[in-house]
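Here the structure is laid out as structure tokens; the discussion comes afterwards.
The values are calculated or read from the model by the stated rules, or taken from the named source; none is laboratory data. Predicted model only: the values in this text are computed from it and were never measured. Neighbour counts are summed over all protein chains in view; Cβ atoms, including those assigned to glycine, are modelled from backbone coordinates with ideal geometry.
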Amino acid sequence: MIKLILKGAMMGVANIIPGVSGGTMAVSMGIYDKIIHAATHLVSEFKKSMKLLLPIVLGMALGIVVLARILEYMFARVPLQTNLLFIGLIIGGLPAITKKVKGKTIRLGHILVCLLFFGVVAGLAMMGEQEGAAADLSFNIINIVKLFGVGIVTSATMVIPGVSGSMMLMLMGYYNPILNEVNDFIDNLVQFNVPGILDGCKVLAPFGIGVVVGIFAIAKIIEIIFEKFPDHAYWAIIGLIVASPVAIFFMGSMGTITIISVLTGAVALLLGILIALKLGEE
């Protein structure tokens, strides 16, 4: 239970950092396949699915609310080391996915799929350097529909390893507005400011519903792909994961590079690898 909550917390934090993928973290933690199965068999295997999903969702919530504040401080103070920590977490998860294709014949189609998805993530990261115009979150029917759609797109990309949901939000101009709404909602919740909580719900409710719909919709599609084309799917994920460090370097600020920051960054990289390997153990 505790281990699943910790894994969920890592996914939650990853999902709010542009360039970092919650799906990649799930792969690194060795729970990606299980989450997809649980999400697509929630009705037929309700008890078993909830036993997995509840602690992960709880961990994600804790990660977003608690660890996000700590990471905000870390990114401001030690950006290079923090980015390298996440790169380490990603690298540490590679053995879990490469063993899925180990010993199998590598075909041209596998290589092309891997390169294609590598290019998609790297390309999105380069585009993500320029954030879209800040979205209007005023309460009206058009914006409710927009927020629902944005939630679907964002959650769908969150589920796909290597693709950052936060990066998609940034490209659409919703990243900072949504993040500010979440922070304001948490502050209002702590202070029990009812009008502020209700105002936050006007924005976060349609967005949240879209997120839930998107997760279950894309999970079913991914399950079908894994059933029909398992080898191609794993090579696509390898391409997405290998591209993730590239995306982090493009999207993240590295701060001032010094000998000390490079050395401590190397330690953070190693720590990330060890954490991923440990959490990825069955």
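Side notes on the structure shown:
- Of all the numbered requirements in (1) farther than 17 Å from Asn15 by Cα; (2) crowded, with 16+ Cβ neighbours inside 10 Å; (3) among the aliphatic types (A, V, I, L, M); (4) more than 18 Å from the chain's Cα centre (by Cα), Ala266 misses one, and that requirement is (2).
- If the condition is being of a type outside the set (A, V, I, L, M, F, W, C) and either in a loop (DSSP other than H, G, I, E, B) or under 16 Å from Gly239 (Cβ atoms) (or both), then segment 60-94 contributes Gly92, Gly93.
- Filter result for Leu179 (modelled with pLDDT under 80, of a type outside the set (Ser, Thr, Tyr) and out of contact with any helix residue (DSSP H, G or I) (no Cβ under 6 Å at 6 or more places or on another chain)): yes
- When residues of segment 227-270 are limited to those that are of a type in the set (Phe, Trp, Tyr) and at pLDDT 80 or above, the one farthest from Thr98 (Cα to Cα): Phe229
- Subset of segment 23-52 [basic (Lys, Arg) and under 18 Å from the mean Cα position of the chain (by Cα)]: Lys34
- Residue match in segment 53-75 (condition: at pLDDT below 80, surrounded by fewer than 14 Cβ atoms within 10 Å (Cβ to Cβ) and over 18 Å from the mean Cα position of the chain (by Cα)): yes
- Subset of segment 27-50 (residues that are assigned to a helix (DSSP H, G or I) and acidic (Asp, Glu)): Asp33
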